[in-house]
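Take a look at the structure set out below.
The values are calculated or read from the model by the stated rules, or taken from the named source; none is laboratory data. Remember, it's a predicted structure, so these values are computed and weren't measured experimentally. Using ideal geometry, Cβ is built from the backbone for each residue, glycine included, and neighbour counts are taken over all protein chains shown. These area figures cover heavy atoms from the full protein model, side chains too; ligands, DNA and RNA do not enter into them. Shrake-Rupley method; radii C 1.70, N 1.55, O 1.52, S 1.80 Å.
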Amino acid sequence: MWEWIGPAVTASVVSGIVTATGWWASHRNSLEIEKLRRAEKIRDHKSALDAEIASNLGRFEAIDLAGHLSDMRGRFAAASTRGERYTPLVPRYATTFVFDSLLADISLLPNDAIDAVVRYYKCEHMLSLFVDDLRSEAFATRTNEIKGDMYADYIDIIGETMTLGRAARAVIARTGTEP
């Protein structure tokens with residue numbers, strides 16, 4: 001009954017099994033390598049975002065925001081008493097170049113990290129826009145009282161940015177490399 005199975009058929013079957021096994025092993029190895037590369041890329045992205053957020057927060061953490069606001073309100077009031085306008089110099093902030101460069105790959109991050117990071121950077125962007133307003137000619141022409149209120153809003157946005165930045169860093173630290 002099995003006489004038709006000769007050396008050629010046996011060789012073909014063995015060759016097919018070896019080829020299929022090789023293909024399967026190669027495919028599995030490729031998937032594993034891709035998984036490792038993705039995990040490395042996620043770790044790199046998280047590390048870069050964490051470093052940028054830490055750097056951004058560092059510019060505010062040394063400041064006593066309540067004390068600073070009190071000092072600024074005093075300056076606005078003193079200028080008003082003298083009949084002068086006071087306009088503080090508000091520095092521009094460095095761009096968020098890490099976030100901007102990683103935005104196209106943001107979907108690689110775990111969902112919790114995406115949410116926290118985007119919330120933080122949205123507030124950072126709002127802060128940057130507010131700084132532009134505080135540096136504008138329109139702001140300079142306002143009364144000291146209005147400037148003081150706007151500056152208080154600025155300090156509030158800094159506080160919110162710091163809160164969101166700390167939260168984003170905590171989420172980045174606790175999440176893994178799985179989406």
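In the list ALA78, ALA94, which residue meets the criterion of being modelled with pLDDT under 95 and either in a helix (DSSP H, G or I) or under 21 Å from MET126 (Cα atoms) (or both)?
On inspection, the qualifying residue turns out to be ALA94.
Going through segment 105-142 one residue at a time, which ones are of a type in the set (Gly, Ala, Ser) and part of a helix (DSSP H, G or I)?
Once the filter is applied, which keeps residues that are of a type in the set (Gly, Ala, Ser) and part of a helix (DSSP H, G or I), segment 105-142 yields SER107, ALA113, ALA116, SER128, ALA138, ALA140.
Test ASN111 against the criterion of being open to solvent by less than 20 Å² (accessible area, probe 1.4 Å) and of a type outside the set (A, V, I, L, M), and give yes or no.
no
Only one residue in THR177, THR163 is surrounded by fewer than 18 Cβ atoms within 10 Å (Cβ to Cβ), outside any helix (DSSP H, G or I) and within 17 Å of the chain's Cα centre (by Cα), so which one is that?
Going through THR177, THR163 in turn, the sole match is THR177.
For segment 61-76, what are the residues that are closer than 10 Å to ASN144 by Cα and in contact with a helix residue (DSSP H, G or I) (Cβ under 7 Å, 6 or more places away or on another chain)?
ARG73, PHE76
Mind listing whichever residues of segment 18-50 are more than 30 Å from ALA173 (Cβ to Cβ) and open to solvent by less than 100 Å² (accessible area, probe 1.4 Å)?
Correct list: VAL18, THR19, ALA20, THR21, GLY22, ALA25, SER26, HIS27, ASN29, SER30.
Filter segment 54-65 down to residues that are part of a helix (DSSP H, G or I) and without any contact (Cβ under 8 Å) to a residue 60 or more places away in the chain and give me whichever is least open to solvent (accessible area, probe 1.4 Å).
GLY58
Report yes if ARG73 is surrounded by 13 or more Cβ atoms within 10 Å (Cβ to Cβ), farther than 15 Å from ILE157 by Cα and either modelled with pLDDT of 95 or more or among the charged types (D, E, K, R) (or both), otherwise no.
Taking the combined requirement at face value, the residue satisfies it.
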